[in-house]
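S.K.: After the structure tokens below, expect a handful of questions from me.
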Amino acid sequence: METNIMLGNYPDVFKAGAVFMGVPHSCFAGEADYIPSPGASDCASGRISKTPQQWGDLVRAAYPGYTGARPRVQLWHGTNDNLVYYATLQQEIDQWTNVFGLSQTPTSTDTPQANWNRRRYADTAGTVKVEAYSIQGAGHSLPMSGMAAAAIQFFGLTDTGSTSTPTPPAGACRVAYTPTTWNNGFTAAVTIANTGTATVNGWTLTWTWPGNQQITNTWNATITQQGTQVTARNATYNGTIAAGATTAFGFQGTYSGVNTAPAQFALNGTACTETS
């Protein structure tokens, strides 16, 4: 439940979240409805009736005026949950697909393993923004074995990079590099903008460190480093950058001396202009 709240209240902080046995954002009207007894709560029993637009409006109202990227959402629920009823899963789907401007009809369905039924909701670029797992026969007992691994995979933290051959951008690119530095450590946010005229299908961003920076942790990309040479490759879910669109990733690192920013980035071999 708290995951839905955090993703809705702080979309500028989180990139993705996995919700196990939750209810929609702003489902509980107040403490009076938060009753830990089967069937007693209107919210937890799925008895609150709202349209996808109304559910979505509750999320948008949590951060009025926010127009940035929204965290991707993974939802899990057991079909036999008798405390937080299974009906709340569809309410969550209605809410988040509306927030992303997607249809409530999944773009794909499958069974990743026995008793796991998955529905996926992707945007026009093919990026899965919402996915929902119905666990047949499960009660109020999630997560179970294998589910944490599936969540980590959804976050892109186990990706080994695209196996397809990247296509160079048709035109120009722009990279915004924003570091946050402290004593001997730093994080950096990197945004790639495709300022060309054609979609980039699969991307590799390269740069050279001007100092002794060493990357220790990454998100939304797979990064390898040899000496001062760094190569970042897309995750499975963000390899497409439409003309005029952007994608972002980040990393954590260490350094000594001065943490000077790279002088040049290249996207699929094409030099990019850099902004701060």
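S.K.: Search region 256-276 for residues that are at pLDDT below 90 and pair each with any residue that is surrounded by fewer than 12 Cβ atoms within 10 Å (Cβ to Cβ) and small (G, A, S) when their beta-carbon atoms are under 9 Å apart and the residues are at least 6 apart or on different chains.
M.R.: E274/A263
S.K.: Which of the residues spanning region 6-16 are touching a residue at least 24 places away in the same chain (Cβ under 8 Å) and either outside the structural domain of M144 (by TED's automatic domain parsing) or surrounded by fewer than 22 Cβ atoms within 10 Å (Cβ to Cβ) (or both)?
M.R.: Correct list: N9, Y10, P11, D12, F14, K15, A16.
S.K.: Among L83, L102, which is within 22 Å of S45 (Cα to Cα) and either assigned to a helix (DSSP H, G or I) or of a type outside the set (F, W, Y) (or both)?
M.R.: Values: L102 fails: within 22 Å of S45 (Cα to Cα).
Checking each option against the conditions leaves just L83.
S.K.: Ok, one more. Residues in region 59-84 that are among the hydroxyl-bearing types (S, T, Y) and surrounded by 23 or more Cβ atoms within 10 Å (Cβ to Cβ): how many?
M.R.: Keep residues of region 59-84 that are among the hydroxyl-bearing types (S, T, Y), which gives 63, 66-67, 79.
From what is left, the residues that are surrounded by 23 or more Cβ atoms within 10 Å (Cβ to Cβ) are none.
Residues meeting the conditions: 0.
S.K.: Let me ask something additional. Do we find that F20 is buried (at least 16 other Cβ atoms within 10 Å of the Cβ) and modelled with pLDDT under 95 in this structure? Break it down stepwise before answering.
M.R.: Numbers: buried (at least 16 other Cβ atoms within 10 Å of the Cβ): yes; modelled with pLDDT under 95: no.
Considered against the rule, which asks whether it is buried (at least 16 other Cβ atoms within 10 Å of the Cβ) and modelled with pLDDT under 95, F20 comes out as no.
S.K.: Quick check, is G257 under 23 Å from I152 (Cβ atoms) and surrounded by fewer than 19 Cβ atoms within 10 Å (Cβ to Cβ)? Before the answer, list the steps.
M.R.: On the way: under 23 Å from I152 (Cβ atoms): no; surrounded by fewer than 19 Cβ atoms within 10 Å (Cβ to Cβ): yes.
The answer is no for G257.
S.K.: Being under 21 Å from N238 (Cβ atoms) and touching a helix residue (DSSP H, G or I) at 6+ places or on another chain (Cβ under 9 Å) is the filter here; which residues of region 68-99 pass it? Spell out the reasoning first.
M.R.: Looking only at region 68-99, we keep the residues that are under 21 Å from N238 (Cβ atoms), and these are 68-75, 96-97, 99.
Once the filter is applied, which keeps residues that are under 21 Å from N238 (Cβ atoms) and touching a helix residue (DSSP H, G or I) at 6+ places or on another chain (Cβ under 9 Å), region 68-99 yields R70, P71, R72, V73, Q74, L75, W96, T97, V99.
S.K.: Still on this model: Go through region 210-228 and give me each residue that's surrounded by fewer than 16 Cβ atoms within 10 Å (Cβ to Cβ) and small (G, A, S). Quick ask: steps written out before the conclusion?
M.R.: Applying the first criterion (surrounded by fewer than 16 Cβ atoms within 10 Å (Cβ to Cβ)) to region 210-228 yields 210-212, 214, 216-217, 224, 226-228.
Hits for region 210-228 are G211, G227.
S.K.: Got a number for residues in region 229-254 being assigned to a loop (DSSP other than H, G, I, E, B) and buried (at least 17 other Cβ atoms within 10 Å of the Cβ)?
M.R.: Our first condition is that a residue be assigned to a loop (DSSP other than H, G, I, E, B); within region 229-254, this holds for 235-239, 242-245.
If we keep only those that are buried (at least 17 other Cβ atoms within 10 Å of the Cβ) as well, we get 235-239.
Number satisfying all stated conditions: 5.
S.K.: Further question: Would you mind stating whether F251 is modelled with pLDDT of 90 or more, closer than 12 Å to R174 by Cα and of a type in the set (F, W, Y)?
M.R.: Values: modelled with pLDDT of 90 or more: yes; closer than 12 Å to R174 by Cα: no; of a type in the set (F, W, Y): yes.
No, not satisfied.
S.K.: While we're on this one: If the requirement is being assigned by TED's automatic domain parsing to the domain that holds S256, closer than 16 Å to Q264 by Cβ and among the polar types (S, T, N, Q), which of these qualifies: T180, T204, T199?
M.R.: Working: T180 fails: closer than 16 Å to Q264 by Cβ; T199 fails: closer than 16 Å to Q264 by Cβ.
Exactly one of T180, T204, T199 is assigned by TED's automatic domain parsing to the domain that holds S256, closer than 16 Å to Q264 by Cβ and among the polar types (S, T, N, Q), namely T204.
S.K.: Quick check on region 37-45. Is at least one of its residues acidic (D, E), over 29 Å from the mean Cα position of the chain (by Cα) and assigned by TED's automatic domain parsing to the domain that holds W76? Talk me through it step by step, then tell me what you get.
M.R.: Initially, region 37-45 is screened for residues acidic (D, E), giving 42.
Applying the additional criterion that residues be over 29 Å from the mean Cα position of the chain (by Cα) yields 42.
Subset that is assigned by TED's automatic domain parsing to the domain that holds W76: 42.
Yes: region 37-45 contains one or more residues that are acidic (D, E), over 29 Å from the mean Cα position of the chain (by Cα) and assigned by TED's automatic domain parsing to the domain that holds W76.
S.K.: Kindly check whether there is at least one residue in region 132-155 that is modelled with pLDDT of 90 or more, assigned to a strand (DSSP E or B) and out of contact with any Pro (no Cβ under 9 Å at 6 or more places or on another chain).
M.R.: yes
S.K.: Limited to region 31-52, what total is found for residues that are surrounded by fewer than 12 Cβ atoms within 10 Å (Cβ to Cβ) and in a helix (DSSP H, G or I)? Even if it seems obvious, please write down each step before you answer.
M.R.: Going through region 31-52, the residues surrounded by fewer than 12 Cβ atoms within 10 Å (Cβ to Cβ) turn out to be 31-32, 36-37, 49, 51.
Filter once more, so that each one left must be in a helix (DSSP H, G or I): 31-32.
Selection size over region 31-52: 2.
S.K.: Identify, by number, the condition in (1) assigned to a loop (DSSP other than H, G, I, E, B); (2) out of contact with any strand residue (DSSP E or B) (no Cβ under 6 Å at 6 or more places or on another chain) that A271 doesn't meet.
M.R.: A271 satisfies all of (1) assigned to a loop (DSSP other than H, G, I, E, B); (2) out of contact with any strand residue (DSSP E or B) (no Cβ under 6 Å at 6 or more places or on another chain) except (1).
S.K.: Another question about this same structure. Take the conditions of a type in the set (G, A, S), modelled with pLDDT of 95 or more and under 21 Å from the mean Cα position of the chain (by Cα) and apply them to A61. Does it pass? Before you say what the answer is, go through the steps one by one.
M.R.: Numbers: of a type in the set (G, A, S): yes; modelled with pLDDT of 95 or more: yes; under 21 Å from the mean Cα position of the chain (by Cα): yes.
Judged against the criteria, A61 is a match.
S.K.: Within region 109-131, can you find the residues that are part of a strand (DSSP E or B) and either out of contact with any strand residue (DSSP E or B) (no Cβ under 7 Å at 6 or more places or on another chain) or within 16 Å of T97 (Cβ to Cβ) (or both)?
M.R.: First, pick out the residues of region 109-131 that are part of a strand (DSSP E or B): 109-113, 116-122, 128-131.
Across region 109-131, the qualifying residues are T109, Q113, R118, R119, R120, Y121, A122, V128, K129, V130, E131.
The values are calculated or read from the model by the stated rules, or taken from the named source; none is laboratory data. Fair warning: this is a prediction, and the values are worked out from it, not measured in the lab. So basically every Cβ, Gly included, is an ideal-geometry build from the backbone, and we count neighbours across all protein chains shown.
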